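**Student:** So that we are looking at the same thing, I have put the structure below in structure tokens.
Each reported figure results from applying straightforward, stated rules to the coordinates on display, with no laboratory input. Note that this is a predicted model, so its numbers are computed, not measured. Quick reminder, even Gly has a Cβ in these numbers, built from the backbone with ideal geometry, and neighbours come from all protein chains shown.
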Amino acid sequence: MTRILIVDDHEIVRRGLKQILTDEFPQLHVGEAGDARQALEAVHKQPWDVVLLDINMPGRSGLEALEDFKRARPGMPVVVLSAFPEADFALRSLKLGACGYVSKQSASDELLTAIRKALAGGRYITPALAEKLAANLAGDFAADPHETLSNRELQVLRLIATGKTVKEVASQLSLSEKTVGTYRTRISEKMGLATNVELTRYALQHRLVD
């Protein structure tokens, strides 16, 4: 019996993924979670052979959920399945312990290949990502400003870029407005961008938001 947990806040996406997996794995148990809290409860409740995790979710982001999973079950394979381009989030996901990163624009064959790799204890890395990893290790990789941000800072940046106020960001992330203001200051200092307009323009140019 293969046990796969799908973590995505869109029911129609979960349904489609479940159909793809059911067609491929005859002996399959699929779990579903619509946010990080539900996913962590499912991970604590039982082990999973593979977790398919979306990055863009309400509340705690997929990257934060990935950290939670690795603390709860260090050896559990996690494949990140995201609408965001590989160039922007794949390297960050792998550093946090993911064993693969697949774009939602990819064919189902690519997703299934990544899952099979994960089930076999391996990693799924595209040629483009392998080249980026090699450049990073060799010191030839020039990181974009947003790649210097922590996962929480990146999440705050993305919410600001969607037009949310500090109060709205604080409410969504269950933080104080003062804490969000501190993150906002750090983001500006690290990226050299002073205004929300500049941050929003940057986020849109680098496809950090939908």
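**Student:** In vacuum, with every alpha carbon of segment 145-205 counted as one equal point scatterer, what does the Debye formula give for log10 I(q)/I(0) at q = 0.14 Å⁻¹? Two decimals, please.
**Tutor:** Debye output, listed in q order: -0.31.
**Student:** Let me ask something else about it. Relative to the present Cα-Cα distance, how much length would full extension add between ARG207 and HIS10 at 0.36 nm per residue of separation? Walk me through the numbers before you get to the answer.
**Tutor:** On the way: separation 197, 0.36 × 197 = 70.92 nm, distance 1.99 nm.
Answer, rounded to one decimal: 68.9 nm.
**Student:** Specify which residue in the list SER174, TYR202, THR113 is farthest towards the positive end of the charge dipole of the chain, using unit charges on the beta carbon of Lys, Arg (+1) and Asp, Glu (-1), about the Cα centre.
**Tutor:** Going by the charge dipole, the pick is SER174.
**Student:** How large is the convex hull of the Cα atoms of segment 2-138 per residue, expressed in Å³ as a whole number?
**Tutor:** On the way: hull volume 13.6 nm³, N = 137.
Taking the convex hull of the Cα positions in segment 2-138, it is 99 Å³ per residue.
**Student:** Shifting gears a bit: Could you give the dipole magnitude of the chain about its Cα centre, charging the beta-carbon of Lys and Arg +1 and that of Asp and Glu -1, in debye to the nearest 20?
**Tutor:** Here the chain has a charge dipole of around 480 debye.
**Student:** At LEU112 and VAL197, where each label point lies 7 Å from the Cα along Cα→Cβ, what is the point-to-point distance in nanometres?
**Tutor:** Placing both labels 7 Å beyond Cα along the Cβ direction yields 5.1 nm.
**Student:** Next up: Select from GLU131, GLU67, GLU110 the residue whose mean-square fluctuation is largest in a Gaussian network model of the chain (Cα-Cα springs shorter than 10 Å).
**Tutor:** Sorting by GNM fluctuation, first place goes to GLU131.
**Student:** So if we plug the beta-carbon distance of THR162 and GLN27 into 1/(1 + (r/R0)^6) with R0 = 35 Å, what FRET efficiency do we get, rounded to 0.05? All intermediate terms of the calculation are to be shown ahead of the outcome.
**Tutor:** On the way: r = 41 Å, r/R0 = 1.18.
The formula returns an efficiency of 0.25 here.
**Student:** Starting from 0.36 nm per residue, how many nanometres of slack lie between ARG71 and LYS190 once their C-alpha separation is accounted for?
**Tutor:** Values: separation 119, 0.36 × 119 = 42.84 nm, distance 2.79 nm.
Between ARG71 and LYS190, full extension yields an extra 40.1 nm.
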